[in-house]
Amino acid sequence: MDVNGKEYEVIRLLGKGKGGYSYLVTDGVQQYVLKQIHHEPCAYYTFGDKLASELRDYERLSQVGIPLPRLLEVDHAQERLLKQYIHGETVDKLVLEDRMEETYLDQIRTMCGKLYAAGLNIDYYPTNFVPMDGTLYYIDYECNGYMEQWNFENWGSKYWSKTQEFLDAFQK
């Protein structure tokens, strides 16, 4: 795959979200995440311009001080983002393997304080968070206006420990 004419070798698919596919890629020196925006329908979410939303949300979350992978490049024509690769296991895997650390919960609560003060929520689903070098990163850029029903305490926290909701979602 390429971004603005520069080629990247795809190592593997990292995941598919509401807005796109994320791939682990390399330029032969470093690894990155290449997100390809898709236009597949989503029954529970309405989109406008997905690329513009990603860029706007990245700026909003950066200004609030949420740890994010750096946005390195944007290919507007192909609707692709090149992002810093945050290496490590996602929070859902840590919960499944009983390796969740209290510091990650402390860090998500600190993020919530910043987000709520700014009138925002993020997607608190645990697949969107990776700890690296002691810092918990939100690896998605999606954010929305604050609604209490979708805050961490009322929705997201159900998936940050082995609750029934977590087990239903993640146990095979």
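The values are calculated or read from the model by the stated rules, or taken from the named source; none is laboratory data. Fair warning: this is a prediction, and the values are worked out from it, not measured in the lab. Here the Cβ is made from the backbone with ideal geometry for all residues, glycine too, and neighbour counts use every protein chain on show.
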- Item | Selected residue [loosely packed, with under 12 Cβ neighbours inside 10 Å, in a strand (DSSP E or B) and at pLDDT 95 or above] from V33, V10, V25, V29 | V10
- Query: Do you know which residues across the stretch 119-148 are β-branched (V, I, T) and more than 19 Å from Q63 (Cα to Cα)?
  - Reply: T127, V130
- Selection from the stretch 59-83 of residues acidic (D, E) and surrounded by 14 or more Cβ atoms within 10 Å (Cβ to Cβ) yields D75, E79
- Message: Would you confirm whether or not the stretch 146-157 contains a residue that is buried (at least 19 other Cβ atoms within 10 Å of the Cβ) and aliphatic (A, V, I, L, M)?
- Response: no
- Query: Out of curiosity, is L81 over 17 Å from E54 (Cβ atoms) and assigned to a strand (DSSP E or B)?
  - Reply: no
- Query: If you check I86, I139, which single one turns out to be in contact with a helix residue (DSSP H, G or I) (Cβ under 8 Å, 6 or more places away or on another chain), surrounded by 20 or more Cβ atoms within 10 Å (Cβ to Cβ), within 30 Å of V25 (Cα to Cα) and among the aliphatic types (A, V, I, L, M)?
  - Reply: I139
